[in-house]
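> Next up is a structure, given as structure tokens.
The values are calculated or read from the model by the stated rules, or taken from the named source; none is laboratory data. What you see is a predicted model, and the numbers here were worked out from it, not measured in a lab. Virtual Cβ from ideal backbone geometry, glycine too; neighbours counted across all protein chains shown. Remember, those area values only see protein heavy atoms, side chains included, never the ligands or the DNA or RNA. Shrake-Rupley method; radii C 1.70, N 1.55, O 1.52, S 1.80 Å.
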Amino acid sequence: MIIRSEILDGISAFTWSRQQEATLRITDVSHPQKQQSRISGIYNDSNISVAIPFSDEASIENAIHCWSLMLLLGYDQETISQRMLTLTPIAMRLELIEGINNCTIINDSYNSDINSLEIALDFLNQHTQQTEKTVILSDILQSGKSDVYLYKKIAGMLAQKSIHRLIGIGQAISKQSEQFSGEAVFFATTEDFLKTFSFTKFHNQGILLKGARVFEFEQISHALQQKAHETVLEINLDALIHNLNYYRSKLQAGTRMMAMVKAGSYGMGSFEVANALQLHKVDYLAVAYADEGVELRKAGITLPIMVMNPDHDSFDAIISHNLEPEIYNLRVLAMLEDAIRRNLLPRNKPVKIHLKIDTGMHRLGFEAADIELALELILANRRIYVQSVFTHLASSDIPADDDFTSSQIALFTVVADKIINKVGHPVLRHVLNTAAINRYPDAQFDMVRLGIGLYGIAPMASEQQELQNVSALKSTISQIKHIPAGETIGYGRAGKADHDMLLATIPIGYADGLHRILSNGRGHIFIKNKLVPVIGNICMDMTMADVTGLEVKEGDEVVIFGDERSLSELAREMGTIPYEILTGISKRVKRVYFQE
Ligand SMILES: *Cc1c(COP(=O)(O)O)cnc(C)c1O
């Protein structure tokens, strides 16, 4: 800091400077250890120095100010030295936070000017061990400089500080996008960024968040933070892709892959999963309802998407978002025809449909006998295009029903042939779900529909070892109590301590999807390498478990299901199937994604 003394004429000043004479003249700053600095100076003609447990520029500058003040107040140098060493980082502008996917986040979302950016970049380079660095930067407001000058300068700074990637947020920075030569993407608003950017791209990086207040970067910081202390559903996207590739390896050449992402990808979250599948080039996605498809389109998914339960009010959205409805009877066909009459078709292309045939499942689908009339109507309408014909197997995982399954496939073959003959252009045929892919290799037709196997659950036990576990439901212990023998635990006093018990309370309950039927010893939770029984009734938000004899402490991780404890086993305890558990994990449970 340089204060020109003539400005302070007549006022006695205490000054410090690194460059020129001053009351405290700083002569050297060295770093004897990684997170330490020794600041040396001359004061009253003697050489003095202090050590501080920081090495970034901002902290050094702050420390010199403090040092000056203490000297001015007359503290002796020894006291100052002692106290300086005990400084701890304060919650100041630059917050260092553990982020998702082994990222480190530096949060500096309180101000944005070019000087503080430089300090923050130094901090990023010093305080994050990851070699890859990303900067998320908002418009810089009120700089008093032209945008061209300002952002050119920033681009130079980012290059000089070896920043790998810039994410620019705001109108002004977006307009200057061509100034930035490295990897850079731009968004008009924070909301746009949060909605459309895939957070799995953040992996093993140091990330600096630097934004003006109005951009509300705390939302980004929140989204990037490691949520280790709550109940979370962890999803391993690498395992998902491994499973995809396993089933792909079972397909004949040319057979396509439709991935079922209905019900939020079996509870694992729609966009992240769909995005991974799109990157790995599946051919088709399928959702249950149109709004699931619309959400994927808004998030930038461009793959074809089949909608299995198109309802009356959804056809306008289906048409405008280029979704492809399943048509399973004449009523649904009529709804589509109505919608086509009242809408302009995007790029004037016909709406692609998927005809569902009921071959024995008896859920949705045309009876073989009804398909003639439907076809007449469809072929008379040039704005409808038959993209595929398919059926669903009722019992493909049950060997005792193999004759039934074969008869479903045989009936489908006959009906599909008839349809294709009439349509006169190629039509995709598809029948097999996960369980059937390995069991009915001759019925793969043109495409298969992979569901539960993608998510790591093999319908046939023999396949399980080929798959990787994708999801883990985890929580942490909120409280541990010693309960004397004879006491009761929880609602209705249903839990009884039949011994002096160490009891753990875990913040997950039936509102999260941990069914109440697991109460009173029926269910088990994995804690410290051991399965321990649930004690008493499961509450809406909490569950108690007997951890007697375990070395546990509050804050320790518990696993409801995951690598250590299979979902299938939990499903057996609950008396249900893995599908129901996964899709029943409530929305309030955060989904956290991992990818190498
Ligand atoms: C859900 C579903 C599938 C996938 O079934 P999995 O058993 O999960 O493989 C396939 N086809 C249809 C029509 C479905 O609804």
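> Report the semi-axes of the equivalent ellipsoid for the chain in whole Å, largest first, where each axis is √(5λ) for an eigenvalue λ of the Cα gyration tensor.
59, 35, 18
> A follow-up question, please. Heavy atoms only, probe 1.4 Å: what % of the accessible area of the chain goes to carbon and sulfur, would you let me know?
Of all accessible area on the chain, carbon and sulfur atoms account for 50 percent.
> What's the local net charge at H499, with K and R +1, D and E -1, over the other residues with C-beta under 13 Å away?
-3
> Sort E326, E580, E98, E295 by accessible area with a 1.4 Å probe, largest first.
E98, E295, E580, E326
> With no solvent and one equal point scatterer placed on each C-alpha of region 26-154, evaluate the Debye formula and give log10 I(q)/I(0) for q = 0.11, 0.14 Å⁻¹, two decimals.
Evaluating at q = 0.11, 0.14 Å⁻¹ gives log10 I(q)/I(0) of -0.51, -0.76.
> Then there's this: Once the dipole of the chain is set up with Lys and Arg at +1 and Asp and Glu at -1 on Cβ about the Cα centre, which of L85, V307, N115 lies farthest towards its positive end?
Checking the options against the dipole of the chain, the answer is V307.
> Relative contact order (percent) for the chain, with alpha-carbon contacts under 8 angstrom and 6 or more residues of separation?
11
> Follow-up question, since we're still on this one. C103's amide H: which non-local residues (gap 5+, or another chain) put their own amide H closer than 5 Å, with H modeled 1.01 Å from N in plane and none for Pro or chain starts?
Answer set, sorted by chain and number: N204, Q205.
> So if I place +1 on the C-beta of Lys and Arg and -1 on the C-beta of Asp and Glu, and nothing else carries charge, what would the dipole magnitude of region 94-226 be about its Cα centre? I want it in debye, nearest 20.
Charge dipole, region 94-226, about its Cα centre: 300 debye, nearest 20.
> Further, regarding this structure: D370: accessible area at probe 1.4 Å, nearest 10 Å²?
About 80 Å², rounded to the nearest 10.
> How large is the dipole of the chain about the Cα centre if only Lys and Arg carry +1 and Asp and Glu carry -1, each at its Cβ, rounded to the nearest 20 debye?
1040
> In whole Hz, with x marking every Gly and Pro, tabulate ³J(HN,Hα) for region 293-308 from phi via Karplus 6.51 cos²θ - 1.76 cosθ + 1.60, θ = phi - 60°.
x, 4, 4, 5, 4, 4, 8, x, 7, 10, 4, x, 10, 8, 10, 7
> In region 94-226, if the dipole is taken from +1 on Lys/Arg beta carbons and -1 on Asp/Glu beta carbons about the Cα centre, which of Q142, Q130, S177 is farthest to the positive end?
S177
> Per DSSP H run of n ≥ 4, the term is -39500 (n - 2.57); total these for the chain, divide by its residue number, and report the mean residue ellipticity at 222 nm rounded to 500 deg cm²/dmol.
Counting only the DSSP helices, I get -9000 deg cm²/dmol.
> Pairwise over distinct Cα atoms, reciprocal of the mean inverse distance: report the Kirkwood radius of region 385-497 in Å, one decimal place.
18.1
> Now for a separate question. How far is helix 237-248 tilted, in degrees, relative to the longest principal axis of the Cα atoms in the chain, given as a value from 0 to 90 rounded to the nearest 10?
Between helix and principal axis, roughly 30 degrees.
> Still on this structure, I have one more. Are there trypsin sites (Lys or Arg not before Pro) in region 271-375 that DSSP puts in a loop and that have at most 12 other Cβ atoms within 10 Å, and which ones?
Those satisfying the criteria are K281, R363.
> With +1 assigned to the C-beta of every Lys and Arg and -1 to the C-beta of every Asp and Glu, and no other charges, what is the dipole magnitude of region 471-595 about the Cα centre in debye, to the nearest 20?
With only Lys, Arg, Asp and Glu charged at Cβ, the dipole is about 340 debye.
> Heavy atoms of the protein only, probe of 1.4 Å, neighbouring chains included. What is the accessible area of M460 in Å², nearest 10?
40
> Continuing with this model, one more query. Compute log10 of I(q)/I(0) for region 6-84 with the Debye formula, placing one identical point scatterer on every Cα and leaving out solvent, at q = 0.17, 0.25 Å⁻¹, to two decimals.
Once normalised to I(0) and log-transformed, intensities are -0.65, -1.29.
> Along each principal axis of its Cα atoms, how long is region 438-586 end to end? Whole angstroms, biggest number first, please.
Sorted largest first, the three principal extents are 64, 29, 22 Å.
> Something else about it: So, for the chain, what is the accessible surface per residue at a probe of 1.4 Å, expressed in square angstrom?
47
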